[in-house]
Every structure is written in structure tokens, then in C-alpha cells.
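The values are calculated or read from the model by the stated rules, or taken from the named source; none is laboratory data. Treat the numbers as computed from the prediction; the structure is a model and nothing was measured. FYI the Cβ positions are ideal-geometry reconstructions off the backbone, even for glycines, and counts take in every protein chain you see. Please note that ligands, DNA and RNA were not included when accessible areas were found on the heavy atoms of the full protein model with its side chains. Shrake-Rupley method; radii C 1.70, N 1.55, O 1.52, S 1.80 Å.
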Amino acid sequence: MSLTGTPFLFTSIALVAVAIILPLLLWSRIRGPVVLRHAARMLMLLFAQATAVTLVFVLVNNANNLYDNWGDLLGTGNHVQQAVDLGKDGTGGIQIKALPKVRQTFTRADGPAMHAAGGVRVTQLKGRVSGVDAEVYVWLPPQYYEPAYRNKKFPVVELLSGYPGSAKAWFGSLKVHEQLLPLMRSGQVAPFILVAPRTNLIAKVDTGCANIPGTVNADTWLSIDVPKMVTDNFRARSAPNGWAAAGYSAGAHCATKLVVAHPDRYRAAISLSGYNDPIGERRSLAAQSLELRRQNNPYYLLKDNRIPPRVSLYLSGQLGDGYQAAAALQQIAKPPTTVRAVLIPRSAGGHSMALWRPQIPYVFTWLTQQMTGGTEGAATPRQPWSAGSRRAALASGTASPAGVVRKR
């Protein structure tokens with residue numbers, strides 16, 4: 001029975017109902033020695049507590065897409081087949097363009113909201129270069145099958161989840177496809193292909209989207225294997241101008257890091273409540289040594305780059321949760337690198353889906369302007385918390401607080 005499926009949810013609800021009814025019917029009817037009666041009643045209470053905790057977990061997990069399957073929850077899932085040393089560029093000397101095309105079979109994805117807005121499809125991809133074997137979810141924009149676009153190629157946004165987190169979260173919890181569908185139809189947002197690959201590749205640890213020989217090649221999985229599969233199977237624009245990355249929490253760190261590290265593969269990044277130093281997620285493999293932390297810290301990647309990359313970064317966060325990291329990148333960025341650091345007020349909520357979900361229309365409108373220029377001059381959706389707030393300018397990114405302490 002699937003961890004996130006409707007049958008398991010209904011089973012959990014039914015068990016809670018049984019746990020409530022049993023004591024009402026049997027409490028005073030239990031016969032036998034006193035010890036046996038007390039033991040039976042104690043078991044009914046424990047059963048009621050266990051079923052209640054299970055139901056709460058299922059509801060929270062379905063709402064936030066923390067664990068996709070039983071392997072993720074129990075820590076038995078491992079999606080790394082091999083992790084050879086691929087060198088600094090993550091290719092292992094392989095000519096990626098010379099590799100034969102990857103032809104994938106896609107099926108309809110199941111889960112909360114996965115059938116909405118035209119539906120999300122899924123495939124199991126074996127990364128030829130990275131050695132990763134994991135699922136990738138794809139959503140196609142409404143224009144994809146329209147006759148007027150039959151010869152057009154579409155820009156792509158790679159969606160990265162937090163830790164712990166499922167690749168489904170962008171669709172199930174953030175409802176990115178449902179929010180963007182009307183904006184794409186109206187022309188306010190470009191018709192992006194949305195791609196959500198698995199980022200939790202090893203049980204009980206966060207890969208930090210890093211390449212670590214002998215352990216995992218997560219960077220190569222996300223920046224080489226997944227893009228090649230998408231361009232081989234869909235009318236997707238080529239890198240770097242046609243590709244962007246977006247993430248929240250640990251996925252925000254990954255999105256920024258991938259784009260800054262590979263300006264030849266990506267043009268823009270969206271970071272929602274991210275961080276620069278991998279130590280921001282203490283279970284990150286990239287936080288295990290000072291060398292790894294520096295190699296995977298977008299602040300130092302940007303600072304040490306002799307030629308500033310032509311990339312655009314949108315980074316939002318609250319004080320103490322993402323904004324200082326964004327301000328640090330904004331401070332050192334030099335043209336043609338552009339950084340927009342957006343301060344979100346505390347009144348908007350904490351580090352959760354409820355904070356990130358309302359930002360989707362705004363950040364994708366910004367992304368459209370950066371990658372296509374198609375909505376220049378069009379009205380930009382207002383952040384829901386900015387109306388009537390003294391921090392409206394801060395929430396919209398038009399100002400920044402003085403004297404903020406910058407995290408690196």
C-alpha cells in the first residue's frame with residue numbers, strides 16, 4: 001500500500017474510528033482476572049494513540065510531501081548505482097552531446113494534485129553519467145500540444161525539493177502547475193516545461209546536490225542526466241538560455257549552487273528560504289568537511305570566479321532564514337551577474353509551504369522576464385502579504401534593511 005496513496009489514508013481514518021469505538025463497546029464488558037482486564041484496556045488505549053499518531057503523520061506528510069514512499073520513511077531507499085570520480089566538470093571526460101538519445105517511457109503520476117491541470121507524468125531514469133537511478137516528474141504547459149506551437153521549443157525549469165522532501169512536493173503541496181496554468185494561458189508567464197527530479201538519493205542524508213566520489217554524483221544527475229533526458233524526449237530549449245532551476249529550503253541552496261557553478265547549463269535560479277553554506281542542512285553530505293563546504297557554497301563560487309557568470313538569481317527569505325545569504329550574494333555580484341534579494345516579513349509565516357506557495361506567481365513572472373522578456377511591462381502579481389504592510393517595499397524587493405548581518 002502506497003505511503004501517500006488514498007487507500008492508506010482511508011485505512012488510517014478507519015483504524016482511528018475502530019480505536020474510538022472499541023473502548024466504548026468493550027470497556028465494561030471485558031471479563032476475567034483483574035490483571036487481564038487492565039491489560040486489555042491498556043492495549044485499547046495504546047491502539048487508539050498509535051492510530052491517532054499515524055493519521056496525523058499521514059495528513060502532515062500528504063500536505064507537505066516529506067516522504068514519497070516507505071523506503072524514504074524507513075531509510076531503506078538508495079538510488080545510487082555507482083559514484084565514480086567525474087572530475088571538476090562532472091562529466092568524467094564524456095562528450096555529452098555524443099551520447100545516444102535517451103528514450104523514456106512516461107506514465108501518469110499518482111498522488112495529491114498530480115492529476116490536476118492536465119496531469120503530471122513520471123519516468124524512471126537511469127543516469128548514464130551520474131550512476132543515479134531515480135524518478136523524474138514532468139509537466140507540460142498548455143501550449144505544448146497547440147498547433148501554433150508545434151514547431152516551438154519550450155524553456156525548462158528544474159524544480160528541486162527540500163530535505164526531507166519528495167519531488168512531488170512542487171505539484172502536490174506548492175501546486176505550481178495549478179497556479180501557473182492560468183498565467184501561462186493569459187501570457188503572463190512563459191510556457192515553461194516543469195521538471196521535478198528526485199533529489200533525496202541516499203537514505204537519511206541530504207546530498208547537497210554535490211558530486212562526492214564513491215558516494216554520489218548528485219550534481220551530475222541534476223545538471224547533466226536529467227536535462228539530457230528532457231531535451232531528448234520533449235521539445236525543450238537547449239542550455240543554457242533555455243534552462244533555470246528553482247528550489248525551496250535545501251532545494252533553494254541546490255538551485256543557486258547549480259546555476260552559479262554551471263552558467264553553461266543554466267541561465268537563472270529561484271531560491272526560496274535558501275542558504276549558501278551547506279552546513280545550513282547539517283545532514284548534508286556537502287557539509288562534512290571545510291573543503292566540500294567551500295566547493296559547494298555559491299558565495300565562494302561566485303566570489304572566486306574571475307569572470308562573473310551571466311546568470312540571474314532571485315532569492316527570497318526572512319531575517320535569519322535565507323535573507324542574509326541572499327544579501328551576501330547581492331553584495332559581491334558583478335555584471336553580468338544579477339541578484340535580486342527579497343526580504344519577506346515575519347508576518348508572512350515561517351519556514352513552510354504556506355510561505356513559499358503564495359510566491360509562485362510572482363517568482364515565475366520574474367523568471368519569464370529574465371529568460372524571455374515576454375512580459376516586460378506587464379503587471380506583476382503582488383505578494384499576498386505586501387498589501388497595507390509597512391514592509392511592502394521590503395516584500396517586493398525594492399529595499400533592504402540597513403546593517404543586516406550577512407551569512408556566507
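What is the dipole size for segment 75-200, taken about its Cα centre, with +1 at each Lys and Arg Cβ and -1 at each Asp and Glu Cβ, in debye to the nearest 20?
Values: 15 positive and 8 negative charges, 86 e Å.
Roughly 420 debye, rounded to the nearest 20.
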Practice item. Using a Gaussian network model of the chain whose springs link C-alpha atoms within less than 10 Å, name the residue from Arg31, Arg128, Arg108 with the highest mean-square fluctuation. Key: Arg31
Point to revise | Charge dipole (debye, nearest 20) of the chain; +1 at Cβ of Lys and Arg, -1 at Cβ of Asp and Glu | key: 400 debye
**Study point:** P(r), alpha carbons of the chain - 20 Å bins starting at zero, rounded %
**Key:** 26, 54, 16, 4, 0
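Report the local net charge at Gly349: Lys and Arg +1, Asp and Glu -1, summed over other residues whose C-beta lies under 12 Å from its C-beta. Walk me through the intermediate numbers first.
Values: positive: Arg346, Arg357; negative: Asp321.
Around Gly349, the charge tally is +1.
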Review point. Taking only Cα atoms, what is the 0 to 90° angle, nearest 10, from helix 176-186's long axis to the longest principal axis of the chain?
Key: 50 degrees
Review point. Cross-link partners among aspartates and glutamates for Lys204, C-alpha distance below 20 Å, same-chain residues fewer than 8 apart left out?
Key: Asp68, Asp72, Asp133, Glu135, Asp219, Asp277, Glu281
Practice item. At 7 Å along the Cα-to-beta-carbon direction for both Glu291 and Asn78, put a label point, then send me their distance in nm to one decimal. Key: 2.4 nm
**Study point:** Accessible surface of segment 196-336 [probe 1.4 Å, protein heavy atoms]: carbon and sulfur percent
**Key:** 48 percent
Review point. Say we join alpha carbon atoms closer than 10 Å with springs in a Gaussian network model of the chain; which of Ala236, Ala269, Ala244 then has the biggest fluctuation?
Key: Ala236
Review point. Considering only Gly251, Tyr323, Thr123, whose Cα is most displaced toward the positive end of the charge dipole of the chain, charges sitting on Cβ of Lys, Arg (+1) and Asp, Glu (-1)?
Key: Tyr323
Revision key, fill the gap. Per residue, accessible area of segment 289-365 with a 1.4 Å probe, heavy atoms of protein chains only, in Å², comes to 42 Å²
Check your understanding: Relative to the first principal axis of the alpha-carbon coordinates of the chain, what is the inclination of helix 323-332, with its axis defined by its Cα atoms, in degrees from 0 to 90 and to the nearest 10?
Key -> 10 degrees
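What is the packing order of peptides 111-123, 300-312, 276-288, taking the mean over residues of other C-beta atoms within 10 Å and listing the highest first? Numbers along the way, then the final one.
Details: 111-123: 18.1, 300-312: 16.0, 276-288: 20.4.
Put in order of decreasing packing, that is 276-288, 111-123, 300-312.
Roughly what % of Cα-Cα distances in segment 164-277 sit above 21 Å, to the whole percent? Don't skip to the answer; put the middle values down first.
On the way: 2466 of 6441 pairs.
Counting pairs separated by more than 21 Å, the tail of P(r) holds 38 percent.
Give me the mean projected area, in nm² to one decimal, of the convex hull enclosing the Cα positions of segment 87-239.
With every direction weighted equally, the projected area is 9.5 nm².
Rounded to the nearest 0.05, what FRET efficiency do Thr91 and Ala50 have when you use their Cβ-Cβ distance and R0 = 41 Å? Spell out each step's value before the answer.
Details: r = 50 Å, r/R0 = 1.21.
Calculated transfer efficiency: 0.25.
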Point to revise | Gain upon complete extension [Ala98, Leu43; 0.36 nm per residue less C-alpha separation] | key: 13.4 nm
Study note, to complete from the structure: Rounded to whole Å², per residue accessible area for segment 2-44 with a 1.4 Å probe reads 69 Å²
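With a sphere of radius 13 Å drawn around the Cβ of Lys228, what net charge do the other residues whose Cβ falls strictly inside it have (Lys, Arg +1; Asp, Glu -1)? Could you put the intermediate results ahead of the total?
Working: positive: Lys97, Lys101, Arg103, Lys126, Arg128, Arg265; negative: Glu158, Asp225, Asp232.
That works out to +3.
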Revision key, fill the gap. Projected onto the charge dipole of the chain (unit charges on the beta-carbon of Lys, Arg, Asp and Glu, signs +1, +1, -1, -1), the Cα from Leu3, Gly350, Ile279 with the largest positive-side position is that of Gly350
Point to revise | Computed magnitude of the charge dipole of segment 171-298 (debye, nearest 20; Cβ of K, R +1, Cβ of D, E -1) | key: 180 debye
Exercise for review: Would you mind pulling out the separation of the Cα centroids of segment 252-311 and segment 89-147, in Å?
Suggested key: 24 Å
Exercise for review: Enter the angle in degrees (range 0 to 90, nearest 10) between the Cα long axis of helix 34-64 and the first principal axis of the Cα atoms of the chain, meaning the one along which they spread out most.
Suggested key: 20 degrees
Point to revise | Where segment 128-272 is the region considered: accessible area per residue in Å², 1.4 Å probe | key: 25 Å²
**Study point:** Modelled FRET efficiency - R0 30 Å, Ser28 with Thr6, Cβ distances, 0.05 increments
**Key:** 0.25
Check your understanding: What nm distance separates the two modelled labels at Lys303 and Ser352, each placed 7 Å from Cα along Cα→Cβ?
Key -> 3.5 nm
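Within the chain, what percent of beta bridges assigned by DSSP are antiparallel, to the nearest 5? Intermediate values should be presented prior to the final figure.
Working: 17 of 44 bridges.
Rounded to the nearest five, the antiparallel share is 40 percent.
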Practice item. Give me the percent of the accessible area of segment 1-112 that comes from carbon and sulfur atoms, probe 1.4 Å, all protein chains in place. Key: 67 percent
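If you take every residue apart from Gly90 with its C-beta less than 11 Å away from the C-beta of Gly90, what net charge results, scoring Lys and Arg +1 and Asp and Glu -1? Please list the in-between numbers first.
On the way: positive: Lys88, Arg265; negative: Asp85, Asp89, Asp219, Asp225.
Its environment carries a net charge of -2.
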Point to revise | Highest-fluctuation residue, Gln124, Gln95, Gln369 considered, GNM on the chain with Cα pairs under 10 Å | key: Gln95
